[in-house]
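One structure is given below, encoded as structure tokens.
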Amino acid sequence: MNKTTSFEDLLVWQKGHQFVLEVYKMSKQFPKEEVYGLTSQFRRAAISITANIAEGYKRISDKEKLRFYNIAQVSLEECRYFLILSKDLEYVKSISKEKGLLEEVSKMLNAYCRSILKKS
């Protein structure tokens, strides 16, 4: 297993960053009246996923790492809902690409947390 030197080396962060970029593209299509509503909330939650992975990366204790990764998981679930809402409000036609990325990040983050818990 290769040692990482930065959070940017983590595949889970890379996939999460791709998701953030997709959320920004997607939310550009939202109605202007959503700028302070769904657009802002969705972007904030998406950014929170990768920001918390980055912050947790440098934490020394496993307990602290898990706390930040859990916050990332919570933000991920919030984004899962925002995807559904965006589709149901007909702001976007399809969410399959974004949903697939989100699912991938979710599985990777869960596996990462399980591996930390196992070694603790």
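Things worth noting here:
- Filter pass, VAL23 being closer than 21 Å to LYS87 by Cβ, of a type in the set (Val, Ile, Thr), assigned to a helix (DSSP H, G or I) and touching a residue at least 60 places away in the same chain (Cβ under 8 Å): yes
- Of the residues making up region 61-97, those that are in contact with a Phe, Trp or Tyr (Cβ under 9 Å, 6 or more places away or on another chain) and closer than 20 Å to LEU10 by Cβ are LYS65, PHE68, TYR69, LEU76, CYS79.
- Residue match in region 27-37 (condition: buried (at least 18 other Cβ atoms within 10 Å of the Cβ), modelled with pLDDT of 95 or more and polar (S, T, N, Q)): yes
- Close contacts from region 72-101, counting a first residue that is over 13 Å from SER27 (Cβ atoms) and a second that is aromatic (Phe, Trp, Tyr) and modelled with pLDDT of 95 or more, with Cβ to Cβ under 8 Å and a gap of 6+ residues or different chains, come to LEU101/PHE19.
- Scanning region 85-107 for residues that are among the aliphatic types (A, V, I, L, M) and either under 11 Å from the mean Cα position of the chain (by Cα) or exposed (fewer than 12 other Cβ atoms within 10 Å of the Cβ) (or both) turns up LEU101, LEU102, VAL105.
- Applying the condition of being touching an Asp or Glu at 6+ places or on another chain (Cβ under 9 Å) and among the polar types (S, T, N, Q) to region 1-17 and asking which residue is modelled with the lowest pLDDT yields ASN2.
- A single entry from THR4, THR39 fulfils the requirement of being touching a Ser or Thr at 6+ places or on another chain (Cβ under 7 Å) and either assigned to a helix (DSSP H, G or I) or not aliphatic (A, V, I, L, M) (or both): THR39.
- Region 53-62, subset more than 16 Å from the chain's Cα centre (by Cα) and in contact (Cβ under 8 Å) with a residue 12 or more places away in the chain, residue surrounded by the most Cβ atoms within 10 Å (Cβ to Cβ): ASP62
Residues checked against (1) more than 18 Å from LYS87 (Cβ to Cβ); (2) within 11 Å of the chain's Cα centre (by Cα):
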{"position": "ASP9", "(1), (2)": "yes, no"}
{"position": "SER27", "(1), (2)": "no, no"}
{"position": "GLN41", "(1), (2)": "no, no"}
{"position": "ALA46", "(1), (2)": "no, yes"}
{"position": "ILE49", "(1), (2)": "yes, yes"}
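- Residue in region 48-62 that is assigned to a helix (DSSP H, G or I) and of a type in the set (Lys, Arg) present: no
The values are calculated or read from the model by the stated rules, or taken from the named source; none is laboratory data. Just so you know, these numbers come straight off a predicted model, no measurement behind them. Note: ideal-geometry Cβ built from the backbone for every residue, glycine included; neighbour counts use all protein chains shown.
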